[in-house]
Amino acid sequence: MKAGILGSTGYTGAELVRILIQHPEVELAFVDSRSYEHQPFEAVYSNLKGQAEMTAVSVDPENLPEKVDIVFCALPHRISQHKVILLQRQGIRVVDLSADFRLDQQSVYEQWYNTPHEAPELLEKAVYGLPEWYAEELKETRLAANPGCFPTSILLPLLPLLKENLVTGEHLVIDSKTGVSGAGRGPSAVNVFSQVNENVRAYGIGTHRHTPEIEQELSKAAGKSVTLQFTPHLVPMDRGILSTIVMPLPEGLTERKLQDCYQAYYDHKPFIRLLGTDTLPETKAVRGSNFCDIAWKADRRSGNLILVSVIDNLIKGSSGEAVQNMNLMLGLPEEMGLHHLPIWP
Ligand SMILES: NC(=O)c1ccc[n+]([C@@H]2O[C@H](COP(=O)([O-])OP(=O)(O)OC[C@H]3O[C@@H](n4cnc5c(N)ncnc54)[C@H](OP(=O)(O)O)[C@@H]3O)[C@@H](O)[C@H]2O)c1
């Protein structure tokens, strides 16, 4: 089967290239870039020297250079939707890594992203690309809206507990730490070395754009409206997300019951690793892999339940998850081509 990548020289695009050139069933048909047009891909990413013998081309979505089974859009939001519209008109399957098709409601998108949505009719067709929860729908769809990186790290530990009514969804306080690659490859005043090195800072309290997406999916699982307090932090590492989720511990909810619930949902899921209560997740344990590690603690002294999760934002938080979605959409085994073990240190 053949795949193409729009925005291949950004961070998520380059991870897609790295994963797909090792995929046993899918061949890369084209890698798109405006800025590096006509340049060999390995000249942009020297880690792929001798591995990705492809030249970047600037692709017109209405006139693709080759027939493909699927296209990944690894583009900024707003830019992406215009390309997706043109691809969908031709019936081409798309995994969109941007936020353009993640929200069910046009008005919520327009409010949080401060830009008009040009294809509200596609919002209904798009399937939220969290494969552990929407595998059956993903097998049928031609448009997967790949989740945000923070949402992936937060939804995977929370959804089973809300779905089973083990927690109420009230007073949810979430603290997430992310590495700098979460902001993409483009330089900005807040992500240059001297701003990030030896520094930790909170940002976007109450305003981060991943908030409505997390609330949307939690509300569906809970069967009622869920509101949360989400505080992301930028920390001086290249990649990785660690999320700590705190909520009141309901009476009678034991660590054993939590374990039973998680096992029921995730024991057969290839990329979820349940750490339980004795080992706490750390970002290096998933670095370079498609794993999400989850731990939980019932703290009777404070009366709180604490969940901790980690992912690699560029793999399980974007490109690995996107390939997992592609596998489902193309009828391939969900885990195919995604068995990269974590890199330590
Ligand atoms: N980074 C993460 O951890 C992460 C996680 C989950 C989701 N995402 C989402 O995935 C998408 C890609 O993220 P990324 O981190 O790979 O971003 P990035 O490193 O900034 O790359 C985006 C690429 O899009 C291309 N592009 C095409 N038209 C553009 C335009 N008008 N303005 C700017 N760039 C344009 C650029 O390549 P050319 O100039 O060469 O065409 C650029 O390299 C975004 O929507 C992001 O929100 C990112």
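Data for the structure
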quantity: Yes/no for K297 being within 14 Å of the ligand (Cβ to nearest atom) and either assigned to a helix (DSSP H, G or I) or open to solvent by 40 Å² or more (accessible area, probe 1.4 Å) (or both); calculated: no
quantity: Residue in the stretch 89-101 that is assigned to a loop (DSSP other than H, G, I, E, B), in contact (Cβ under 8 Å) with a residue 60 or more places away in the chain and either within 15 Å of the ligand (Cβ to nearest atom) or in contact with a Ser or Thr (Cβ under 7 Å, 6 or more places away or on another chain) (or both) present; calculated: yes
quantity: Single match in P160, P151 (criterion: away from the ligand (no atom under 12 Å from the Cβ) and either part of a helix (DSSP H, G or I) or buried (at least 16 other Cβ atoms within 10 Å of the Cβ) (or both)); calculated: P160
quantity: Residues of the stretch 281-308 classified as among the charged types (D, E, K, R) and more than 14 Å from W344 (Cα to Cα), total; calculated: 5
quantity: Members of the stretch 261-290 that are over 26 Å from P333 (Cα atoms) and not in a loop (DSSP other than H, G, I, E, B); calculated: G276, T283, K284
quantity: Residues satisfying the stated conditions in the stretch 1-54, i.e. touching a residue at least 40 places away in the same chain (Cβ under 8 Å) and open to solvent by 60 Å² or more (accessible area, probe 1.4 Å); calculated: M1, K2, Y11, Q22, P24, E25
quantity: Residue in the stretch 311-328 that is in a strand (DSSP E or B) and open to solvent by less than 50 Å² (accessible area, probe 1.4 Å) present; calculated: yes
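The values are calculated or read from the model by the stated rules, or taken from the named source; none is laboratory data. Just so you know, these numbers come straight off a predicted model, no measurement behind them. Here Cβ is always computed from backbone atoms with ideal geometry, including for glycine, and neighbour counts include all displayed protein chains. Side chains included, ligands, DNA and RNA excluded: accessible areas come from the protein's heavy atoms. Shrake-Rupley method; radii C 1.70, N 1.55, O 1.52, S 1.80 Å.
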